[in-house]
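The values are calculated or read from the model by the stated rules, or taken from the named source; none is laboratory data. Everything quoted here is computed from the prediction, not taken from an experiment. All Cβ positions, even for glycine, are placed from backbone atoms using ideal geometry, and neighbour counts span all protein chains on display. We work out accessible area using only protein heavy atoms, side chains counted, and drop any ligands, DNA or RNA first. Shrake-Rupley method; radii C 1.70, N 1.55, O 1.52, S 1.80 Å.
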Amino acid sequence: MPLRRDQAGADLPLAVASDRPAPHAVSLTPDVVLADALSVASPAALVSVPTIPYLFARDAGFLLLDAESGDAAQPARLAMRDGADPLELLELRRRIGRPLAIERVDAPAFERLLGEIYSVDGAAAAVAGDMGIAGDGLDPLALGLPTAEDLLDSADDAPAIRLINGLIAESLRQGVSDIHIEPYEQALVVRMRIDGVLSEKLRMPPHVAPVLVSRIKVMARLDIAERRVPQDGRIGLSLGGKLVDVRVSTLPSRAGERVVMRLLDKENAGLDLAHLGLDGRTEAVLQRALAEPNGIVLVTGPTGSGKTTTLYAALRQLNDGARNILTVEDPVEYAVDGIGQTQVNPKVGLSFAAGLRAILRQDPDVVMVGEIRDRETAEIAVQASLTGHLVLSTVHTNDAAGAITRMRDMGVEPFLLASTLRAVIAQRLVRRLCRSCREARPIEAAAAEMLGIAPGTVVQAVRGCGVCSQTGYAGRIGVFEALRVDDKIRAMIHDNANEADMAAHAFRDAPSLAQAARELVLAGETTPEEAVRITRREDRTADEFPGGQVG
């Protein structure tokens, strides 16, 4: 059979001429078992890393349904789309090296399975495999780039395109949130942020930086001729049926332009409150606040703590078709059907305050402001809540009580804040221990003292294995504290009480961030080091917390 090559160099059948035998006349090899009416496997049973390249699977109409087996005689189950050419099975038989058991499926079922198998969670590995980076990582693609002169003089920028595609596909496979491309005088360094921690993944000669950055700017529709000022853009991607937004930011530096690409899986906008990992008390406080017809609900925490995800989960619950929900964001991270979303644009004077003022004339029931940054935005948000709107927003503070102080510092009158604020949720993200390799160890004395855990208590610790890439962690989990504005807190806000007194009252019978993190340590979900990292505060003493807990 004549062959052609796909993008990764894999052998694929060429289109056969029109005089080839009709499909029904093809005689399949004895190894092929044809089953017309077999049920298709459930998504949970599908192979996580397909061995068939995505483009070939989509175009030829064949999907591998089961994982590879060490027994070469064990048939591999394939889904065959109605109308697919059985002659392609010969190449698949050679590639897989096992007998084939075929299950016929109609076109809609095939498309659904294609999206499930080649999803971002596991199938970006297949896309990476198509690009020649599975197994060997990104180094072969980087080494394949020509010299500076050849690359600049050539009209074919395929090497740069393949490297960028490989970076994004590998990042999606590993669950990367940000890709950093950093030019220095001696090298171009690529770092990736996984579970909130940056690590170097690739180092290339410095002369490839201009072409690589220019190609990214073309993909993001930025001005490639402008290298003196920062620029922002986006790249829309579809991988295995999943939509992914890549937010691109460039920044001039001494050795060239730095680029940061943030990967946003659009399906994260579909998360609801039940899947955020909220503890029962925090969820009850948030649900009660969202049920109010008006008022302000704040979510606080540092950058990258998951505030936006929490706000979108709240909006998803409120988005029942009976409310007019409008947002002003910088930028709009996820598009949500049924919600009017406006992006801040300082170049034309559309700030948070201007956008908020405008959407209040659009008859909203619920308003979401991406961030309250200044006095003007804070005052308009307060006025909106006073006139019968439910306002959701974020502020950057270390804890829930600090958000109240921050609002007062921005110039909001205490009596107005006391009458409009309904709840403040503070949150952090800690790395979750890998369940395949974590091991029990006695807690260290210093960490035990800081977390209020008895010395010698056995907790789970990091070890490292192939599943977690020797890091000891796999994924992240949220840590929350919820401050409900009851009558006592309302009076304290009105009287300009200090932050420590409000925290002492709010968390006298509810977990603070430090206590919530301690519970995760005792439950074996994270390490004491992670808990200390996100809860250590220098302005608290053991006397301010029940049980002598130090936050």
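Filter segment 365-374 down to the residues that are outside any strand (DSSP E or B) and closer than 21 Å to Lys307 by Cα, then identify the one that is farthest from the chain's Cα centre (by Cα). Restricting to residues being outside any strand (DSSP E or B) and closer than 21 Å to Lys307 by Cα, the top hit is Asp374.
Answer with yes or no whether Ala426 is part of a helix (DSSP H, G or I), crowded, with 21+ Cβ neighbours inside 10 Å and within 29 Å of the chain's Cα centre (by Cα). For Ala426, the condition - part of a helix (DSSP H, G or I), crowded, with 21+ Cβ neighbours inside 10 Å and within 29 Å of the chain's Cα centre (by Cα) - is not met.
Evaluate segment 195-214: report whether one residue or more is of a type in the set (Asp, Glu) and on the phi > 0 side of the Ramachandran plot. Within segment 195-214, one or more residues are of a type in the set (Asp, Glu) and on the phi > 0 side of the Ramachandran plot.
The residue list Arg357, Arg375 contains one member that is at pLDDT 90 or above, within 20 Å of Arg323 (Cα to Cα) and surrounded by fewer than 21 Cβ atoms within 10 Å (Cβ to Cβ), which is Arg357.
When segment 323-354 is filtered for residues that are free of Cβ contacts under 8 Å to residues at least 40 places away in the same chain, surrounded by 15 or more Cβ atoms within 10 Å (Cβ to Cβ) and either of a type in the set (Asp, Glu) or under 19 Å from Arg234 (Cβ atoms) (or both), the ones remaining, listed by number, are Val332, Ile339, Gln341, Thr342, Val344, Leu350. Among the residues of segment 511-534, write down those that are open to solvent by 10 Å² or more (accessible area, probe 1.4 Å) and assigned to a loop (DSSP other than H, G, I, E, B). Pro511, Ala523, Glu525 - these are the residues of segment 511-534 that are open to solvent by 10 Å² or more (accessible area, probe 1.4 Å) and assigned to a loop (DSSP other than H, G, I, E, B).
Name the single residue, out of those in segment 462-505 being among the small types (Gly, Ala, Ser) and part of a loop (DSSP other than H, G, I, E, B), that is most open to solvent (accessible area, probe 1.4 Å). Checked segment 462-505; the qualifying residue most open to solvent (accessible area, probe 1.4 Å) is Ser469.
Here is a yes/no grid of residues against (1) without any contact (Cβ under 8 Å) to a residue 60 or more places away in the chain; (2) under 21 Å from Pro331 (Cα atoms); (3) in contact with a strand residue (DSSP E or B) (Cβ under 6 Å, 6 or more places away or on another chain); (4) not in a helix (DSSP H, G or I):
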| site | (1), (2), (3), (4) |
| --- | --- |
| Val285 | no, no, yes, no |
| Pro293 | no, no, no, yes |
| Val297 | no, yes, yes, yes |
| Thr308 | no, yes, no, no |
| Tyr312 | yes, yes, no, no |
| Gly321 | yes, no, no, yes |
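Checked against the criteria, Val248 does not count as of a type in the set (A, V, I, L, M, F, W, C), part of a strand (DSSP E or B) and open to solvent by 40 Å² or more (accessible area, probe 1.4 Å). May I ask you to list the residues in segment 188-197 that are open to solvent by 10 Å² or more (accessible area, probe 1.4 Å) and modelled with pLDDT of 90 or more? Once the filter is applied, which keeps residues that are open to solvent by 10 Å² or more (accessible area, probe 1.4 Å) and modelled with pLDDT of 90 or more, segment 188-197 yields Arg191, Arg193. Report yes if Arg98 is at pLDDT 75 or above, open to solvent by 40 Å² or more (accessible area, probe 1.4 Å) and either assigned to a strand (DSSP E or B) or not small (Gly, Ala, Ser) (or both), otherwise no. No: the conditions fail for Arg98. In this entry, Arg508 passes the filter for residues that are outside any helix (DSSP H, G or I), open to solvent by 80 Å² or more (accessible area, probe 1.4 Å), closer than 28 Å to Thr310 by Cβ and not aliphatic (A, V, I, L, M). The single condition among (1) crowded, with 18+ Cβ neighbours inside 10 Å; (2) closer than 30 Å to Val366 by Cβ; (3) modelled with pLDDT under 90 that Val285 does not meet is (3).
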